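Chemist: Pasting a structure here, questions to come.
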Amino acid sequence: MDLTETPEIVTWPKTIYCYVEKVGPFQTNAPQAWKELHETLPSLSEQNKLTPNFFSRYKIEASIYRAGVALTAVLSKLPSQLRCETFVGGQYARFVLKGSYSQLPGASSRVLEIVKTSKLQIRDDFFIESYVNDPRTTREEMLITEILIPTA
């Protein structure tokens, strides 16, 4: 697995985030959340210019998973399964995975091991997985995913 094991501290900007939320086991709920989000993209595109930044926000212990996309403005009309919020962003420890999304569960587990044994102070906030490039146009082994852990 091609994963950075030394985190880089970065600042995530204030972001308008439109998402589908699922509560329960990630292995079943994450794919369903992405499926529902992608089904709404045509109606989102009609109302708003989507940024190319797709990312998930999740809380492991609460089993909350959000599949979403950054927007340029808050929408006045949302499809029923979507929510939209502005979150302030903040400081994160960034780990980078290069390769298939199928490696994400193992990469996330490794990141959590590293965080537990390090001196990183974690704040109570959502973790982020940012999908840097487009899987429709990028070879699987070249996909880049940032795993971001909220730091104090």
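Chemist: Kirkwood Rh, Cα Rg: Rg to Rh for the chain?
Modeler: 0.95
Chemist: Right, here's the next one. Below 13 Å, Cα to Cα, which aspartates and glutamates can K116 reach? Residues fewer than 8 away in the same chain don't count.
Modeler: In chain and number order, the partners are E5.
Chemist: Further, regarding this structure: Enumerate the calculated ³J(HN,Hα) couplings along the stretch 118-133 in order (Karplus 6.51 cos²θ - 1.76 cosθ + 1.60, θ = phi - 60°), each rounded to whole Hz, writing x wherever the residue is Gly or Pro.
Modeler: 3J(HN,Hα) across the stretch 118-133, in whole Hz: 9, 9, 5, 8, 9, 9, 6, 7, 6, 6, 10, 10, 9, 8, 5, 10.
Chemist: Using θ = phi - 60° and the Karplus relation 6.51 cos²θ - 1.76 cosθ + 1.60, list the HN-Hα couplings for the stretch 8-20 in order, rounded to whole Hz, with x at every Gly or Pro.
Modeler: For the stretch 8-20, the Karplus-derived couplings read 10, 7, 10, 10, 7, x, 3, 9, 8, 10, 10, 8, 10 Hz, x marking Gly and Pro.
Chemist: If you don't mind, there's one more thing I want to ask. Apply the Karplus parameterisation 6.51 cos²θ - 1.76 cosθ + 1.60, with θ equal to phi minus 60°, to every residue of the stretch 135-146 and state each ³J(HN,Hα) to the nearest whole Hz, in sequence, with x for glycine and proline.
Modeler: x, 6, 10, 10, 4, 3, 6, 9, 5, 10, 10, 8
Chemist: Can you list the lysines whose alpha carbon sits under 21 Å from that of K14, skipping same-chain ones fewer than 8 residues off?
Modeler: K49, K59
Chemist: Mind pulling the angle between the C-alpha long axis of helix 26-47 and the longest principal axis of the chain? Nearest 10 degrees, somewhere in 0 to 90.
Modeler: 40 degrees
Chemist: Suppose every K and R has +1 on its Cβ and every D and E has -1 on its Cβ; what is the size of the dipole of the stretch 1-113 about the Cα centre, in Debye to the nearest 20?
Modeler: The calculated dipole for the stretch 1-113 is roughly 220 debye.
Chemist: Excluding the sites themselves, what is the longest stretch of the chain that contains no GluC sites (Glu not before Pro) in a DSSP loop with at most 14 other C-beta atoms within 10 Å?
Modeler: No qualifying site falls inside 62-152, the longest such stretch.
Chemist: Separate question: Once both axes come from the Cα atoms, what is the angle between helix 104-117 and the longest principal axis of the chain, in degrees from 0 to 90, rounded to 10?
Modeler: 50 degrees
Chemist: What is the ratio of the Cα radius of gyration of the stretch 96-152 to 2.2 N^0.38 Å, with N the residue count, to two decimals?
Modeler: 1.23
Chemist: Quick one: net charge around Y19, please, counting Lys, Arg +1 and Asp, Glu -1 for every other residue with C-beta under 11 Å from its C-beta.
Modeler: Taking every Cβ under 11 Å from that of Y19, the sum is +1.
Chemist: Starting from the 7 Å offset along Cα-to-Cβ, what nm value, one decimal, do you get for the label separation of D2 and S102?
Modeler: 1.7 nm
Chemist: Between L143 and residues 5 or more places away or on another chain, which pairs have amide H atoms under 5 Å apart, with H built 1.01 Å from N, and which residues are they?
Modeler: The answer is G99.
Chemist: Follow-up question, since we're still on this one. Can you give the local net charge around M1? Use residues other than it whose beta-carbon is closer than 12 angstrom to its beta-carbon, Lys and Arg +1, Asp and Glu -1.
Modeler: That works out to -1.
Values in this text are rule-based calculations from the coordinates and carry no lab data. Since we're looking at a predicted model, the values are computed, not measured. Every residue, glycine as well, gets a Cβ built from its backbone with ideal geometry; the counts of neighbours run over all protein chains shown.
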